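Contents: one structure, followed by commentary.
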Amino acid sequence: MRTYAIVNRKGGVGKTTTAVNLAYVLATSCRLRVLLVDADGQANATQILLPRGEYAGLGALLRGYAMCYDELTVHTDVAGLDVLPAASDLWALDLEAAEGDRGRSYRALRDMREAMEEDGAYDVMIIDCPPNLSAACVSAILASDAVIIPVLSDACSVTGVGDLVDQIASLRSIRPDIRVAGILVNQWHRSPVVEDSVAYLREEGRVPVYSTVIRRTDKVPESSWARMALQAWSPWCSAARDYRAWAAELLAKEGIQYEQA
């Protein structure tokens, strides 16, 4: 089972949109069994893919209240796609971890991943992370094979990538093989500043930048208001097609075999 954490300390760069649409494409177009873990206390991915309700979810796992993944994961109406939901209780986890066994919360998601691998439950796990290196985010990174970093073309987003890469590298003392799979440029549009920003990321060269970029379209915020994955809301808009192209690029680079739908 391959596991990818979608990480950026900056908010509004498309982490949730990226996680949801990657999970959706892998389940529908590639016929892979996918678990999307919502590690963000805002629970936006949960709200997009699941009906309103009370879920124990990731908070219960990280606190040690539940040990079996099948007690916590929830089926969506998309065949092959399940969700480990988030709730607002994740916000309190850092305070609790500071007073208790932080190591336990850091290990919980990795332990769950190992159990799922033993059972052959899923092919891919994707983790939507919060915009900070919280206990949930660190747990997600330590449970992952690799990190994917969505960025915009603004200076703060682009220049902040180096600091994030350094922070991920610092976790190699715990998980030596963690790596950054690549940078995904979101909300791309034809503009000198955007093209210069992408060129800077490619030339800087610390981590790879995906060839595919996700074009800017109003269909993305429309889909969030509709509480639907972009692939379901507007499957032929530019960004939806870009996400499918990027998923194919990711699978090829990572050597993941899949069945064409």
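Can you name every residue in the range 11-43 that is of a type in the set (S, T, N, Q) and crowded, with 19+ Cβ neighbours inside 10 Å? Talk me through it step by step, then tell me what you get.
Step one: of the range 11-43, the residues of a type in the set (S, T, N, Q) are 16-18, 21, 28-29, 42.
Passing the criteria: THR16, THR17, THR18, ASN21, THR28.
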Quiz item: If you scan the range 54-65, which residues turn out to be out of contact with any Pro (no Cβ under 9 Å at 6 or more places or on another chain) and either surrounded by fewer than 17 Cβ atoms within 10 Å (Cβ to Cβ) or on the phi > 0 side of the Ramachandran plot (or both)?
Solution: GLU54, GLY64, TYR65
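How about the range 44-53: which of its residues are crowded, with 24+ Cβ neighbours inside 10 Å and out of contact with any Phe, Trp or Tyr (no Cβ under 9 Å at 6 or more places or on another chain)? Show your work before the answer.
Going residue by residue through the range 44-53, those that are crowded, with 24+ Cβ neighbours inside 10 Å are 45-46, 48-49.
ALA45, ILE48 - these are the residues of the range 44-53 that are crowded, with 24+ Cβ neighbours inside 10 Å and out of contact with any Phe, Trp or Tyr (no Cβ under 9 Å at 6 or more places or on another chain).
Among the residues of the range 205-222, write down those that are in a helix (DSSP H, G or I) and without any contact (Cβ under 8 Å) to a residue 40 or more places away in the chain. It would help to see each step written out before you state the result.
As a first pass, look at the range 205-222 and keep what is in a helix (DSSP H, G or I): 219-222.
LYS219, PRO221, GLU222 - these are the residues of the range 205-222 that are in a helix (DSSP H, G or I) and without any contact (Cβ under 8 Å) to a residue 40 or more places away in the chain.
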Quiz item: If you scan the range 131-185, which residues turn out to be touching a helix residue (DSSP H, G or I) at 6+ places or on another chain (Cβ under 6 Å), assigned to a loop (DSSP other than H, G, I, E, B) and within 16 Å of VAL209 (Cα to Cα)?
Solution: SER153
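Having 2 or more residues that are over 26 Å from GLY255 (Cα atoms) is the bar; report the helices (runs of 4 or more DSSP H) wholly within the range 1-72 that clear it. Let's see the steps before the verdict.
Working: elements: 15-28, 44-49, 57-62.
Qualifying helices (runs of 4 or more DSSP H): 44-49, 57-62.
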Quiz item: Which members of the range 235-261 meet the condition of being open to solvent by 50 Å² or more (accessible area, probe 1.4 Å), in a helix (DSSP H, G or I) and over 22 Å from LEU49 (Cα atoms)?
Solution: ALA252, LYS253
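Within the range 1-51, work out how many residues are over 20 Å from ALA247 (Cα atoms) and among the basic types (Lys, Arg).
2
Among residues belonging to the range 225-234 that are surrounded by fewer than 16 Cβ atoms within 10 Å (Cβ to Cβ) and not small (Gly, Ala, Ser), point out the one that is nearest to the chain's Cα centre (by Cα). Break it down stepwise before answering.
We begin by selecting, within the range 225-234, every residue surrounded by fewer than 16 Cβ atoms within 10 Å (Cβ to Cβ); these are 225-227.
Subsequent filtering for residues that are not small (Gly, Ala, Ser) retains 225, 227.
On the way: TRP225: 20, ARG227: 17 Å.
Among them, the one singled out is ARG227.
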Quiz prompt | ALA79, sole failed condition from (1) part of a loop (DSSP other than H, G, I, E, B); (2) under 18 Å from the mean Cα position of the chain (by Cα) | solution = (2)
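Can you name the residue in the range 187-215 that is basic (Lys, Arg) and over 19 Å from the mean Cα position of the chain (by Cα) and, of all such residues, is surrounded by the fewest Cβ atoms within 10 Å (Cβ to Cβ)? Spell out how you get there, then give the answer.
In the first step, residues of the range 187-215 are kept if they are basic (Lys, Arg); the result is 190, 202, 206, 215.
Narrowing the set further to residues that are over 19 Å from the mean Cα position of the chain (by Cα) leaves 190, 202, 206.
Numbers: ARG190: 8, ARG202: 13, ARG206: 12.
Restricting to residues being basic (Lys, Arg) and over 19 Å from the mean Cα position of the chain (by Cα), the top hit is ARG190.
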Quiz item: Hey, any hits in the range 166-173 for a residue that's crowded, with 20+ Cβ neighbours inside 10 Å, over 19 Å from TYR24 (Cα atoms) and modelled with pLDDT of 90 or more?
Solution: yes
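The values are calculated or read from the model by the stated rules, or taken from the named source; none is laboratory data. None of the values given here were measured: they were computed from a predicted structure. We place every Cβ from the backbone using ideal geometry, glycine too, and count neighbours over all the protein chains shown. Ligands, DNA and RNA are stripped out before the accessible areas are found, and what is left, the full protein with its side chains, is counted by its heavy atoms. Shrake-Rupley method; radii C 1.70, N 1.55, O 1.52, S 1.80 Å.
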